[in-house]
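These notes are about the structure you will find just below.
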Amino acid sequence: MNGLLRSFGRIWAVFMKETVQIRRDRLTFAVMFGIPIIQLILFGYAINMNPKHLPAALLVEEQTPIVRTMVHSLRTSDYYDFVMQTDDPRKTGDLLARGEVAFVVSVPAGFTRKLVRGEHPQILIEADATDPSAASGAVAFAQTILTDALRHDLKGPLANLTGGPPPFDLVVHQMYNPEAKTSYNIVPGLLGVILTMTLVMMTAIAMTRESEQGTIENLLAMPVKPIEVMLGKILPYVAVGAGQTVLILLAAQVLFDVPFIGSMWILFLGVSVFVLANLALGFTFSTIARTQMQAMQLTFFFFLPSILLSGFMFPFRGMPEWAQTIGEVLPLTHFLRIVRGVMLKDTSLAQLQSPILALCLFTAVAVSVAMLRYRRTLD
Amino acid sequence: MSGDYAIDVHGLVKRFGSKTAVAGVDIQMPRGEVWGFLGPNGSGKTTTIRMICGLLRVSEGTGQCLGYDIQHDAPRIRELTGYMTQKFSFWTDMTIRENLEFVARLYRLPHLHQTVDETLETLGLTHRQHQLSGALSGGWKQRLALAAVTMHDPKLLLLDEPTAGVDPQARRDFWDEIHHLSLLGMTVLVSTHYMDEAERCDRIVYLAHGEKIIEGRVPDVIDRSGLLTFRGEGEGVRRLADAIKDEPGVEHVAYFGSALHVSGKDRAAIQVALDKHQAQDVSWSEVRTSLEDAFIALSAEAGEDKRVHA
């Protein structure tokens, strides 16, 4: 009995000591209460498994009341946001390849005439199936939406067209991924996720380790410039990133049969810029965090939105505008456009200009912040 | 003028927030000498050394180190200075050789392998060069650190309590090395708590509460304290200490081994005190005042810590 009481006393002592230490570490405190609330709100509102309002282009070669009715029904269905309407096929040419729209809906010339004659003319929906889940909802409901719309217009002499099968033929092309395999979308994305996680984490502890072990004092007393320290510290991880890339691409090929139809060189360029962006960010974290523990926490709280808001797990275009804006800041968002574009769509360098430039800009900002934050003295 | 000085600083002040660590220190240290930097813990020694070698920004004051401005030319000063930190701050997860190679590369020393080989040879660590530096004992760590910070042949060596926690023999060896380096032309500023080490310096600077209390050669510092010291030996001396301490004219009483030192400025007053507390088995004799006695008196004179604390 006495022994048990003494044991409780000691448990109480450790409990009190732990409480004092937890309270003293402000960042950990924020991590436990502040950040979960932010994440709850952020991800709760941003993530949408059944995305609506996806950007689409409309190629209509004739304007008739029936075509207008059909287009109107698609527009009001919430699934399609027509960002462009044209009658010139050349204009919709590479919109899908550049990822600017998720669908191109085409109504050919002579559609109405054939419909009236009961010849079952075709409506074509080309969907960007690099992200099969993004495309599936809109495609699945297209048939119903269009058929319902027509029911009102087909009256009088045309009423006989409404009874049986739909009077038109909806053809869906799942572009770039005809079998709608999820692995085509996930595996290239994983390359970006894995690089983000490992590289940011490894460089995030680069400077905090020196601070924690006291070796920073020695480093600062020696004639080495901040940018030299930074480059020297992140360059070994460029090799790590290269190794990981080779490994994942091999696995994509051998284990998952993911096609690689684009240029290896463009991907190489994209990976290089992406790796540098992550390393620069990790180094920046290590100039902000005071302990290795804090550095790991920062990494973790960068990693979560990277996965959830970049378009890796959930369709990017399916998120609300503000969430997309946050997503645009994340390097992974841009890298996903590059890696999926090159591997699945054979996207050209010119078409990938903006994501590559975005990654360069991100790197430049991260390096600048790191240099501003780098401690040149022990103050 | 500053060409003759290795360190020439005026009115150095360092504040951390509302706390003043160093409150106006002047040092004019000629090249080629070995100076001791003394003072109790928290007196501002480390902070002053760090300001001199550019590791801390100066809050107030100006100065030059080896002819370079300490506020603006820190990179140049780093090239020419060797700074040994109080806490061992080499990489414990790297071997002795890897640490030395890293330092040699940073300073772009020619003949890397040969230089490192020679350094290891001089250190006597050739056979242990592939051990992790973290596995070394305290004394060896300090010798490794000294070797590493002197490899680039600096003009000025700043050593911050290099012998703290090191055994007596290793301390002696370490000081032989310091004098050897001094003969090679290096200027050495070394902070310490050991009086025997202070006595091996050309000059000493004594800090208390962030201010310079006194500076000079060891005998001068003792003379300037104006103290007389009597040494009492014998079985019963311990019983007298408390009583004598409170007598007028006695400034302080301290044990030196089994003997008791009684110091004060007024010879007659001390004699009265000692006569009053006579004991049969205790014999008194006047001795040379030690540096430690002088410092204890100096600290007492310096009085309360006047620096503002948060």
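If the only charges are +1 at each Lys and Arg Cβ and -1 at each Asp and Glu Cβ, what is the size of the charge dipole of the protein assembly as shown around the Cα centre, to the nearest 20 debye? It would help to have the intermediate numbers written out before the result.
On the way: 63 positive and 71 negative charges, 360 e Å.
Around 1720 debye, computed over the protein assembly as shown.
Taking only the Cα atoms of the protein assembly as shown, the radius of gyration and Dmax are 38.7, 140 Å. Phi angles of region B:61-75 translate, via the Karplus equation with coefficients 6.51, -1.76, 1.60 and θ = phi - 60°, into HN-Hα couplings of x, 9, x, 10, 10, 6, x, 10, 5, 5, 8, 10, 10, 3, x Hz per residue; Gly and Pro are given as x. Of the residues A:Leu357, A:Leu54, A:Leu195, the one that moves most in a GNM of chain A with alpha-carbon contacts below 10 Å is A:Leu357. Per 20 Å bin from zero, what fraction in whole % of the C-alpha pairs of chain B is there, up to the bin with the longest pair? All Cα pairs considered, the percentages come to 29, 50, 20, 1. The antiparallel fraction among DSSP beta bridges confined to chain A stands at about 20%. Each peptide in A:137-144, B:159-166, A:101-108 was scored by the mean count of other Cβ atoms within 10 Å over its residues; highest first, the order is A:101-108, B:159-166, A:137-144. The helix-only estimate of mean residue ellipticity at 222 nm for chain A, built from DSSP H runs of length n ≥ 4 each weighted as -39500 (n - 2.57), is -20500 deg cm²/dmol after division by the residue total. Specify which residue in the list A:Phe168, A:Ser348, A:Asn278 is farthest towards the positive end of the charge dipole of chain A, using unit charges on the beta carbon of Lys, Arg (+1) and Asp, Glu (-1), about the Cα centre. Farthest towards the positive end: A:Asn278. Lys and Arg at +1, Asp and Glu at -1: add these up for the other residues within a Cβ distance under 10 Å of B:Gly63 and post the number. Result for the local shell: -3.
For A:Asp87, what is the net charge nearby, where nearby means another residue's Cβ is under 13 Å from its Cβ and Lys, Arg count +1, Asp, Glu -1?
On the way: positive: A:Arg90, A:Lys91; negative: A:Glu61, A:Glu62, A:Asp88.
Surrounding charge for A:Asp87 is -1.
Working note: Karplus 6.51/-1.76/1.60 with θ = phi - 60° gives region A:24-33 the couplings 6, 8, 4, 5, 4, 4, 4, 4, 7, 10 Hz, where Gly and Pro are set to x. Under 5 Å from the amide H of B:Glu211 lie the amide H atoms of B:Ala23, each residue being 5 or more positions distant or on a separate chain, with H modelled from the backbone and absent for Pro and chain starts. Compared with the alpha-carbon gap, the fully stretched path from B:Arg172 to B:Asp266 is longer by 30.2 nm at 0.36 nm per residue.
Sequence-ordered 3J(HN,Hα) estimates for region B:133-150 from the Karplus curve with 6.51, -1.76 and 1.60 and θ = phi - 60° stand at 5, x, 7, 6, 6, x, x, 5, 4, 5, 5, 4, 4, 4, 4, 5, 7, 10 Hz, glycine and proline given as x.
Across the options A:Thr215, A:Leu5, B:Phe230, the greatest Cα extent toward the positive end of the charge dipole of the protein assembly as shown (unit charges at beta carbon of Lys, Arg, Asp, Glu) belongs to A:Leu5.
For the peptide A:208-220, the mean number of other protein chain Cβ atoms found within 10 angstrom of a residue's Cβ is 5. A cut-off of 5 Å between modelled amide H atoms, ignoring neighbours fewer than 5 places along the same chain, links B:Leu56 with A:Leu378, B:Met51.
Does region B:95-183 classify as rounded, prolate or oblate by the C-alpha gyration tensor (a ≥ b ≥ c root eigenvalues; a/c under 1.5 gives rounded; else a/b over b/c gives prolate, otherwise oblate)?
Working: a/c = 1.84, a/b = 1.23, b/c = 1.49.
Since a/c reaches 1.5 but b/c is at least a/b, the shape of region B:95-183 is classed as oblate.
Residues whose amide H lies under 5 Å from that of A:Asp346, counting only those 5 or more places away or on a different chain, are A:Ile261, A:Gly262; hydrogens are built 1.01 Å from N in the peptide plane.
Determine the calculated [θ] at 222 nm for chain B from helices alone, applying -39500 (n - 2.57) to every DSSP H run no shorter than 4 residues and normalising by the residue count; nearest 500 deg cm²/dmol.
-10500 deg cm²/dmol
A straight chain from A:Ile38 to A:Met293 at 0.36 nm per residue would run longer than the Cα-Cα distance by 89.7 nm. Between helix A:226-254 and chain A there is an angle of about 40 degrees, using the helix long axis and the longest principal axis of the Cα atoms. Each Lys or Arg adds one and each Asp or Glu takes one away; over the other residues whose Cβ falls under 14 Å from the Cβ of B:His277, this sums to -1. Along the charge dipole of chain A, which of A:Ala370, A:Leu195, A:Leu27 sits closest to the positive end, that is, farthest toward it, with unit charges on the beta carbon of Lys, Arg, Asp and Glu (+1, +1, -1, -1)? Farthest towards the positive end: A:Leu27. Here each label is just a point 7 Å from Cα along the line to Cβ, and for A:Asp379 and A:Gln253 those points are 5.4 nm apart.
For region B:95-159, with only Lys/Arg (+1) and Asp/Glu (-1) charged at the beta-carbon, what is the dipole magnitude about the Cα centre, in debye rounded to 20? Let's see the in-between values first.
On the way: 7 positive and 6 negative charges, 40 e Å.
About 200 debye.
Every read-out reported here was derived from the displayed coordinates using simple, explicitly stated rules and does not represent laboratory data. Worth saying up front: this structure is predicted, and the values here are computed from it rather than measured. For neighbour counting, all protein chains shown are included, and Cβ atoms are generated from backbone atoms with ideal geometry for every residue, glycine included.
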